[in-house]
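The values are calculated or read from the model by the stated rules, or taken from the named source; none is laboratory data. Everything quoted here is computed from the prediction, not taken from an experiment. Ideal geometry is used to build each Cβ from the backbone, glycine not excepted, and the neighbour counts take in all protein chains shown. Only protein heavy atoms, including side chains, enter the accessible area calculation; ligands, DNA and RNA are left aside. Shrake-Rupley method; radii C 1.70, N 1.55, O 1.52, S 1.80 Å.
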Amino acid sequence: MKMSAASLRIAAFVLLVAFVSAPQLFAFVFEPLTENGAPAIYNQGSLLSLTLAHLRTVFGAVVASTIVAVLLGIFVTRPAGMEFLPLSRSIVNIGQTFPPVAVLAVAVPIVGFGEAPTLIALFLYGLLPIFENTLSGLTQVPPLVLDAAKGMGMSPRQRLLGVELPLALPVILAGIRLSAIINLGTATIGSTVAAKGLGEVIIAGLQSNNVAFILQGGLVVALLAALLHDGLMTLERTIASRLGRSM
Amino acid sequence: MIEIEHLSKHYGETIVVDDVSLRVDEGTITVVVGTSGAGKSTLLRMINRLVEPSAGRVLIDGQDTMSIPEDELRHRIGYVIQGHGLFPHRTVAGNIATVPRLLGWDAKRIAQRVEELLLLFQLDPAEFAKKYPHELSGGQQQRVGVARALAARPALLLMDEPFGALDPLIRSKAQDDLLTIQRRLGTTVVLVTHDMEEAFHLGDMIAVMDEARLLQYGTAAELLTRPLPGFVERLVGTAERPFRLLSLAKVGDAVEPGSAEGEPVDVSSNLRDALSRLIWIGSPTAPVADASGAIVGRISVDGILAHGRRPT
Ligand SMILES: Nc1ncnc2c1ncn2[C@@H]1O[C@H](COP(=O)(O)OP(=O)(O)O)[C@@H](O)[C@H]1O
Ligand SMILES: [Mg+2]
């Protein structure tokens, strides 16, 4: 069972790397999907560089969401910040309910075309899961453990860094994973505002009515998502099992 | 020495601790006993300022605790709670090292101290140092909790129902271990419990609390022979009283001249155990031997019973 999970993981990774670096090798798979001699493999740019650009955008957005959401989560669980909890919740929720496409439409006139409006849209979209998980992670820390920490003379800062955050880590990581997975898919819309990414492949397919392109773009995004999910999940499990929790 | 002077705590209208004064001598175990909600934990937590007193003060070796920064105060006072409160993300060694690390000890000194404590608590360092708390039994977790509290050699140890989560058998062993270690280290201990049996077993001094007030403070023998009528008397348990008195006295206190047949009893064992021996073997007397095995006299049922009798 464990063996096959590991080999599946490796197979998926090898497939992904092989496909983005030498897509022509897979042309035979996509040929049946093309009509009138249209190209079977995306030919308006390198799949590899588009994949890397896509990942870079998602990574940047998730790092920014993580920093803001975790700091905000810490702030509203401190005595001084507690009164801001409802307010921060509503703001973060708006970030999630406001559709990313609409964010793009609003952002483009302000920051121009390219990667910037996409980053803004993904950043806002990814805040909620990380914020909510930071809150639940920090509030789940057993009161007895905190009482012991305080009783041994740990300062509020030492308690936060040495006890609360390490114990909340698996839950926070789950939030980051959720946010990253959502953003991997959502980032494809960035191509409508000229951000480099795998959305280009899909949009090119839509414009030229080429199902092979659409499928390729979708496939790479899906493989990335699966691998990322799997990797982060493994990390969460490792940390959680050390804490004696099962996930 | 700890002096608690007119200590009170109220939350709004509710008085949780009401004008409690008591003195705890160096190197002794004081047990605060009472029913749940009596204010015992609050009293204890005012000593290390986890709870700020509404009135009154606490002096440690003559120094007002309010004059010491609270984290520094707590580094000097060991604190053990029910269910131990170990850090789940740190190993046994990491848990024990908590206060020494806060104090900035160097790694070598910390490692030595951790090993020393593990040995003191009968936990093999090679096996246990790297384990996580969830890999330990309840009794082992409890021992690590006490070891952690003792790591920086505090002169004072506060324990809030430290054995409350243990099975009766393990609990009684843990109590004996605490006594042994406390006698060896000379640590001053203030321990909170709702278990009168535990109070008699461990306490050099016993403080009985009820409804926020300290009702009686004295040695176990004083509580047994002159309990305050009412709550203390009921708590001490009238039926058990003679037997509790007997467990407090040693064979040495009742040894009489003369000889007797049979297996000798140890001069340092308690009279309750000696009496049960005599009942079991069906003999009115037994010889008494000292630590070296030499016979120093004998003990008799009548002599023992006199020690369990109401003082006149
Ligand atoms: N922070 C608090 N706010 C209000 N009431 C409290 C607080 N802490 C304790 N109490 C109340 O004080 C009383 C005594 O509590 P405690 O000292 O924990 O008693 P014990 O340890 O003897 O069981 C209880 O009735 C409890 O509800
Ligand atoms: Mg209590």
Which of B:His307, A:Asn36, A:Thr97 sits farthest toward the positive end of the charge dipole of the protein assembly as shown, with +1 on the Cβ of Lys and Arg and -1 on the Cβ of Asp and Glu? A:Asn36
Efficiency of FRET from Cβ geometry, A:Arg245 and A:Phe28, R₀ 45 Å, rounded to 0.05: 0.40
Extended-chain gain in nm, criterion 0.36 nm per residue less alpha-carbon gap, B:Ile279 and B:Leu179: 33.2 nm
What's the carbon and sulfur percent of the protein assembly as shown's accessible surface, probe 1.4 angstrom, rounded to a whole number? 61
Picking from B:Ile96, B:Ile68, B:Ile29, which is most flexible by a Gaussian network model of chain B using Cα springs under 10 Å? B:Ile68
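Among the GluC sites (Glu not before Pro) within the range B:209-312, which fall in a DSSP loop and have no more than 13 other Cβ atoms within 10 Å of their own Cβ?
Those satisfying the criteria are B:Glu261.
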Relative contact order as a percentage, the range A:48-242, C-alpha pairs under 8 Å and 6+ apart, gives 26
Give the residue from B:Leu191, A:Ile10, B:Pro284 lying farthest towards the positive end of the charge dipole for the protein assembly as shown; charges sit on Cβ (+1 for Lys and Arg, -1 for Asp and Glu) and the dipole is referred to the Cα centre. A:Ile10
Label-zone membership for the range B:289-312, site B:Lys250, 7 angstrom Cα→C-beta point, backbone N under 13 Å: B:289-292
If each of B:Glu116 and A:Val63 carries a label point 7 Å out from its Cα toward its Cβ, how far apart are those two points in nm? 4.6
Roughly how many Å is it from the Cα centre of the range A:210-243 to that of the range A:48-98, as a whole number? 21
Once fully extended, how much extra length lies between B:Asp25 and B:Ser67, figured as 0.36 nm per residue of separation less the alpha-carbon to alpha-carbon distance? 13.0 nm
With a/c under 1.5 counting as rounded, go ahead and sort chain B into rounded, prolate or oblate using the C-alpha gyration tensor (a ≥ b ≥ c being the square roots of the eigenvalues; past the cut-off, prolate if a/b is larger than b/c, else oblate). oblate
Could you check the spin-label model distance between A:Gln44 and A:Leu144? Points 7 Å from the Cα along Cα→Cβ, value in nm. 6.2
To the nearest 10 degrees, the tilt of helix B:168-185 (Cα long axis) against the first principal axis of the alpha carbons of chain B is 80
If you place +1 on the Cβ of every Lys and Arg, -1 on the Cβ of every Asp and Glu, and leave all else neutral, what size is the dipole of the protein assembly as shown about its Cα centre, to the nearest 20 Debye? 1120
Using only Cα atoms, find the angle between the long axis of helix A:165-186 and the longest principal axis of chain A, and express it within 0 to 90 degrees, rounded to the nearest 10. 20
So, with +1 on the Cβ of K and R and -1 on the Cβ of D and E, and no other charges, what is the size of the charge dipole of chain A about its Cα centre, to the nearest 20 debye? 780
By its C-alpha gyration tensor, with a ≥ b ≥ c as the square roots of the eigenvalues, how is chain A shaped: rounded for a/c under 1.5, else prolate for a/b larger than b/c, else oblate? oblate
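Please return the longest range in chain B lying between exposed loop sites, taking trypsin sites (Lys or Arg not before Pro), DSSP loop only, at most 12 other beta-carbon atoms within 10 Å, and leaving the sites out.
B:131-308
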Determine the dipole magnitude for the range B:130-262: charges of +1 sit on the beta-carbon of Lys and Arg, -1 on that of Asp and Glu, nothing else is charged, the reference point is the Cα centre, and the result goes in debye to the nearest 20. 600
Extended-chain gain in nm, criterion 0.36 nm per residue less alpha-carbon gap, B:Arg226 and B:Arg309: 28.6 nm
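Averaged per residue, what accessible surface does the range B:2-237 expose to a 1.4 Å probe, in Å²?
Working: 9970 Å² over 236 residues.
Value returned for the range B:2-237: 42 Å² of accessible area per residue.
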Please determine, in degrees from 0 to 90 and to the nearest 10, the orientation of helix A:2-21 with respect to the longest principal axis defined by the Cα atoms of chain A, where the helix direction is its Cα long axis. 50
Using the Cα atoms of the range A:50-187, I'd like the radius of gyration and the largest Cα-Cα distance, Dmax, both in angstrom. 16.9, 55
Roughly what would the spin-label model give for A:Val106 and B:Glu233, points 7 Å off Cα along C-beta, in nm? 7.7
Tell me, what is the FRET efficiency for B:Val296 and A:Thr238 to the nearest 0.05, using R0 = 41 angstrom and their Cβ-Cβ distance as r? 0.05
With the dipole of chain B defined by +1 on each Lys or Arg Cβ and -1 on each Asp or Glu Cβ, the option from B:Ala129, B:Gly262, B:Gly85 whose Cα lies farthest towards the positive pole is B:Ala129
Need one number: buried accessible surface between chains B and A, 1.4 Å probe, both sides summed, DNA, RNA and ligands left out, in Å² to 100. 1800
